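J.: Here's a structure for you.
The values are calculated or read from the model by the stated rules, or taken from the named source; none is laboratory data. Nothing here was measured: the structure is a model prediction, and the numbers come from that model. Here the Cβ positions follow ideal geometry from the backbone for every residue, glycine too, while neighbour counts run over all protein chains shown.
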């Protein structure tokens, strides 16, 4: 299957089967493989062989698309073409069966029986709006009208890792089909906490999914997908750079429960198609951290959240000869209740509070009366938005023109309550031997309200010329505006409270709530030139794109200087990013398939001053400068009663360099991970023996600094395992 700047690694018979069912986005006005855009398409056969069951597994396969594997399932940072975000609003949207997932913290989940994944790079805001300035990922699950029967998957691998799934597909009649599936995964992780010897990174995760497709009329299709997911994870393998060990004393875990339901209705009348996409999304999670990640009694953070959201998208498409058009309206409402208390413990009180105060006034030192107290923060965050959009596509002989425009409005509100109830004593002379001079009560109970609203016009223009090589071959140029919504730094409220207390001790107050809590939208202009070529026989395809992104107020996640407890989103002045993406696939014979992709990004600050530091010319942190993928597959027919064929697959994924801070003085060099598998196939049965990171490459996936201490997370070591699949087709 060819794709625009995409990959192809399936057998001819699998390609033919795939064409029996149309799996595409409702908002596409033409075949995605013929679209003038940078797109990577991965089909079910390739996804199975690569072990891809979540979007983070696509990292580096699509050029300049990177999702680091660190932290918990709440950490779903996505970087594309030098832009990305570690917290809050994403730069890449995620649609599952055409339903948008609003919260980035809910991106990391495993999905049973993925039919296809599409990775669109470049600004997609005209059709998809907020937070798609870097691209869009579409995931489509298998239809009960394509397969009827039972599918089973069982896998065991290193780290006592287990995966299993079971699904049932049926057609109740020619108009109604259903599927029910579930999966369970577990792992004991790959590292230990030296403080207590416990496994780090353990997880138990399970999900259920129910899909219904109904064709009550020949021109009416109704699809509903309901899912529920539970995830329970232990702490994080954050290693101290100073000690070289993972060692911390307080409990770390992440727990998530999510429920989603999406209803899609399509009605066709002549040259018109009316579509409605309605969704309900619920998220209930708890992140608890030993926030200092040291074997010391510093402080802990617990963030509990309950969030529900509604979305509604209405799309009307039409066609009149060479002219295709689309108009739509989108609206959403999201409501979040969050509690995020930070608990200061004895050593943290000594180092972060008492020492700072007593160094400033040694004649009248203080001592906290309680050796543990809470900086409490509760939030209520309503967030809603509406949008109107249009796109026209016109074909003129070999030329085609696409023009789109979106008007997007969004408002976000923050109701907060900061509270702390404790006390400290002021001594005259030495604390140990002196007398108590006075006692100060700390009784803080602050309420406040903040709001922001954003109104954006998001245009896009694309011009393409079809090459005579094949119907899917063309060159194109595009320009589009990207936009990522602003928001609030809820994690900074503990620091606001801490500074409030310091002012009560005679130290100057540093933080102003409005300044440190709110951050502005990120906006960009995206320019792209590209080409993709596919022969008529489908034996080869190739793609190239060159891009330039001019970004204003780019959102960056930073850890404030000094002995602070939080992290915050800030806006850099100006950044620019340019680069190239290459991809190619070749099938010289029916037995061989080769694929490769490469992405290079040079993303730097044009204007960014943080205090006395000027980062002009520095590389933007956390986004890799290079991604590289290469894969080869060979199928050997056996044609025996006990075995049909053996498929050999080898691949390599490379990422780097990655700079970890704005100063560019800490980085992860380029690294490559080698994987391989051997598959044995017999009818409805297959067995894969596989290995990842076969050279046991040493690399890091994350680096950060907290209260002056540096930490990193090591990547997974060499892994191997076996995967069994059984497909009982009951057609």
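J.: Only one of 637, 669 is surrounded by fewer than 16 Cβ atoms within 10 Å (Cβ to Cβ) and over 30 Å from residue 148 (Cβ atoms); which?
T.: Details: 637 fails: over 30 Å from residue 148 (Cβ atoms).
The match here is 669.
J.: Say whether the condition of being exposed (fewer than 15 other Cβ atoms within 10 Å of the Cβ) and at pLDDT 90 or above is met by at least one residue in the stretch 384-393.
T.: Of all residues in the stretch 384-393, those exposed (fewer than 15 other Cβ atoms within 10 Å of the Cβ) come to 388.
Next cut, at pLDDT 90 or above only: 388.
Yes, because at least one residue in the stretch 384-393 is exposed (fewer than 15 other Cβ atoms within 10 Å of the Cβ) and at pLDDT 90 or above.
J.: Could you tell me which numbered condition residue 472 fails, if it satisfies all but one of (1) assigned to a strand (DSSP E or B); (2) more than 21 Å from residue 496 (Cβ to Cβ); (3) modelled with pLDDT under 95?
T.: Of the numbered conditions (1) assigned to a strand (DSSP E or B); (2) more than 21 Å from residue 496 (Cβ to Cβ); (3) modelled with pLDDT under 95, the odd one out for residue 472 is (1).
J.: Which members of the stretch 361-399 meet the condition of being part of a strand (DSSP E or B), more than 30 Å from residue 411 (Cβ to Cβ) and touching a helix residue (DSSP H, G or I) at 6+ places or on another chain (Cβ under 9 Å)?
T.: Listed by number, the residues that qualify are 366, 367, 368, 373.
J.: Among the residues of the stretch 676-695 satisfying the criterion of being in a loop (DSSP other than H, G, I, E, B) and modelled with pLDDT under 95, which is nearest to residue 152 (Cα to Cα)? Break it down stepwise before answering.
T.: Filtering the stretch 676-695 down to residues in a loop (DSSP other than H, G, I, E, B) leaves 683-684, 693-695.
Next, from what is left, pick out any that are modelled with pLDDT under 95: 683-684.
On the way: 683: 14, 684: 10 Å.
Here the residue is 684.
J.: Of all residues in the stretch 279-299, which are closer than 25 Å to residue 371 by Cβ, part of a strand (DSSP E or B) and in contact with a helix residue (DSSP H, G or I) (Cβ under 8 Å, 6 or more places away or on another chain)?
T.: Across the stretch 279-299, the qualifying residue is only 299.
J.: Another question, if that's okay. So which strands (runs of 3 or more DSSP E) stay within the stretch 478-586 end to end and still have 2 or more residues that are crowded, with 22+ Cβ neighbours inside 10 Å and at pLDDT 85 or above?
T.: 522-534, 540-552, 574-586
J.: Quick one: how many residues across the stretch 342-352 are touching a residue at least 60 places away in the same chain (Cβ under 8 Å) and closer than 28 Å to residue 283 by Cα?
T.: 1
J.: Scan 170, 185 and give me the residue that is at pLDDT 90 or above and under 23 Å from the mean Cα position of the chain (by Cα).
T.: From the options 170, 185, the qualifying one is 185.
J.: If you don't mind, there's one more thing I want to ask. What number of residues within the stretch 303-318 are in contact (Cβ under 8 Å) with a residue 60 or more places away in the chain and surrounded by fewer than 16 Cβ atoms within 10 Å (Cβ to Cβ)?
T.: Counting residues in the stretch 303-318 that are in contact (Cβ under 8 Å) with a residue 60 or more places away in the chain and surrounded by fewer than 16 Cβ atoms within 10 Å (Cβ to Cβ) gives 0.
J.: In the stretch 154-208, what count of residues is obtained for those that are in a strand (DSSP E or B) and either in contact with a strand residue (DSSP E or B) (Cβ under 8 Å, 6 or more places away or on another chain) or buried (at least 18 other Cβ atoms within 10 Å of the Cβ) (or both)? Quick ask: steps written out before the conclusion?
T.: First, the residues of the stretch 154-208 that are in a strand (DSSP E or B): 154-157, 161-173, 176-187, 191-192, 199-200, 203-208.
Imposing the further condition that a residue be either in contact with a strand residue (DSSP E or B) (Cβ under 8 Å, 6 or more places away or on another chain) or buried (at least 18 other Cβ atoms within 10 Å of the Cβ) (or both) reduces the set to 154-157, 161-172, 176-187, 191-192, 199-200, 203-208.
Adding up the residues that qualify gives 38.
J.: Here is a further query. Restricting to the stretch 282-301, what's the tally of residues that are under 30 Å from residue 101 (Cα atoms) and in contact (Cβ under 8 Å) with a residue 60 or more places away in the chain?
T.: Within the stretch 282-301, residues that are under 30 Å from residue 101 (Cα atoms) and in contact (Cβ under 8 Å) with a residue 60 or more places away in the chain number 5.
J.: Is the stretch 617-626 home to any residue that is within 27 Å of the chain's Cα centre (by Cα), closer than 23 Å to residue 246 by Cβ and not in a loop (DSSP other than H, G, I, E, B)?
T.: no
J.: Please count how many residues of the stretch 696-731 are in a loop (DSSP other than H, G, I, E, B) and surrounded by 16 or more Cβ atoms within 10 Å (Cβ to Cβ). Please lay out each step first, then the result.
T.: Within the stretch 696-731, the first condition is being in a loop (DSSP other than H, G, I, E, B), and the residues that meet it are 696-699, 707-708, 715-718, 730-731.
Okay, now just the ones that are also surrounded by 16 or more Cβ atoms within 10 Å (Cβ to Cβ), so 699, 707, 715-716.
Qualifying residue count, the stretch 696-731: 4.
J.: Consider the stretch 230-278. How many of its residues are in a strand (DSSP E or B) and under 26 Å from the mean Cα position of the chain (by Cα)?
T.: First, the residues of the stretch 230-278 that are in a strand (DSSP E or B): 230-234, 238-240, 253-269, 272-278.
Now restrict to residues that are under 26 Å from the mean Cα position of the chain (by Cα): 230-234, 238-240, 253-264, 276-278.
Qualifying residue count for the region: 23.
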